[in-house]
Amino acid sequence: MTKDLPDRVLKTLQSGLPFDDGYRDIKSIVTSSRQIFFYSLAHMSASDAEAKGRIEEMKHVIAEKIRRDSRLTIALTPLHTIYALWPDMRTVKICSILNEMHAQDCFGDIKSVSACSGALYLYCDRHITEKYAVLLARTAVNDTCTTIAHTVREESRIYPRPINVTAFTSRVFGIPPASLQPCIMRVLNHPEFSDIRKLVHPETKAVYLYSNQYLCEDQAFSVMNWMEERNPRPHAPLPGE
C-alpha cells in the first residue's frame with residue numbers, strides 16, 4: 001500500500017498514527033532490512049507481530065540471495081543453500097515460508113525448477129529465463145547423456161528442429177569439446193535414447209541430433225540444411241571422428 005509513498009510520508013504515518021485517537025491500535029514494526037509493517041493491536045499481539053516480522057525478513061533474505069545468484073553468477077540457487085541460512089530451523093518451516101512467497105506479488109519474480117533427480121532449484125526470472133533455468137537444472141545433476149537427450153527431444157518437439165551438437169560445448173552445458181564425441185556416442189548407443197538420431201551435413205560436415213519421436217529424417221535434414229545455409233560457418237570434425 002505504501003510502496004510509492006515518499007519516506008517523509010511514511011515517517012509521518014509511523015509517528016502520527018499512535019497519537020490519533022481513532023488509530024491508537026495501529027502499530028508498526030521495522031525489520032533489519034528497513035521494511036515497515038503495520039498491524040492492529042486489536043487483532044494481533046506485539047509478540048505475534050514481531051514473529052511475523054521475522055518471517056517477512058526471512059523472505060526478504062531468501063529473495064535477495066536468489067536474485068543475487070541469478071544476477072551476478074547466472075546460476076540457480078539450490079534449495080539446500082536456503083536451508084543453510086538457518087541451520088537450526090526445521091526444513092519444513094523454511095519450505096512453508098517459500099510456499100507463502102509464491103503467493104505474494106512482491107516475490108513474483110522468484111521461480112522454481114526441478115532437476116530430473118528431483119532436486120529443487122530457485123531462480124529470479126528477471127535475470128534467467130525459464131528455458132535457461134531448465135537447462136541449468138539439467139546440467140546441475142551432472143548426467144551428460146540425459147541432458148543431451150532431453151534437450152534434443154525438446155528442440156525437436158517444440159520448434160521443431162534438430163540441434164547442432166556444438167551447442168553442448170557452450171557455457172550452459174559445459175561439455176569440453178574433447179569429451180563431446182564420446183558423450184554423443186553413448187547417447188546414440190543407449191537403449192533409453194533410441195529415438196535420438198544423428199545427421200551430418202554433406203557440405204559443412206556439421207553434426208546435428210534430432211528425435212524421431214517428433215521429426216522424421218527428411219524433415220530434420222531439410223531444417224538442418226536451411227540452418228546451415230542461413231548461418232554458414234566452417235565446422236571442424238569432432239574429436240575422434
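The values are calculated or read from the model by the stated rules, or taken from the named source; none is laboratory data. Because the structure is predicted, anything quoted here is derived from the model rather than measured. Cβ: placed from backbone, ideal geometry, glycine included. Neighbour counts: every protein chain shown. Surface areas here come from the heavy atoms of the whole protein model, side chains and all, with no ligands, DNA or RNA. Shrake-Rupley method; radii C 1.70, N 1.55, O 1.52, S 1.80 Å.
For region 178-188, state whether one or more residues are under 20 Å from Ser114 (Cα atoms) and modelled with pLDDT under 90. Looking through region 178-188, none of the residues is under 20 Å from Ser114 (Cα atoms) and modelled with pLDDT under 90. Restricting region 58-72 to residues that are open to solvent by less than 40 Å² (accessible area, probe 1.4 Å) and in contact with a Ser or Thr (Cβ under 6 Å, 6 or more places away or on another chain) leaves a set whose member that is modelled with the lowest pLDDT is Asp69.
Yes or no, residue by residue, for (1) among the hydroxyl-bearing types (Ser, Thr, Tyr); (2) open to solvent by less than 60 Å² (accessible area, probe 1.4 Å); (3) out of contact with any Asp or Glu (no Cβ under 8 Å at 6 or more places or on another chain); (4) modelled with pLDDT of 80 or more:
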site	(1), (2), (3), (4)
Leu17	no, yes, yes, no
Ser28	yes, yes, yes, no
Ser32	yes, no, no, no
Glu56	no, yes, yes, yes
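Looking at Arg138, Arg161, just one residue is more than 28 Å from Ile55 (Cα to Cα), open to solvent by 70 Å² or more (accessible area, probe 1.4 Å) and basic (Lys, Arg), and that residue is Arg161. Which members of region 180-226 meet the condition of being in contact with a Ser or Thr (Cβ under 8 Å, 6 or more places away or on another chain), part of a helix (DSSP H, G or I) and small (Gly, Ala, Ser)? Across region 180-226, the qualifying residue is only Ala220.
In the list Ala49, Ala75, which residue meets the criterion of being open to solvent by less than 70 Å² (accessible area, probe 1.4 Å), on the phi < 0 side of the Ramachandran plot and assigned to a loop (DSSP other than H, G, I, E, B)? Step by step, each of Ala49, Ala75 is checked, and only Ala75 is open to solvent by less than 70 Å² (accessible area, probe 1.4 Å), on the phi < 0 side of the Ramachandran plot and assigned to a loop (DSSP other than H, G, I, E, B).
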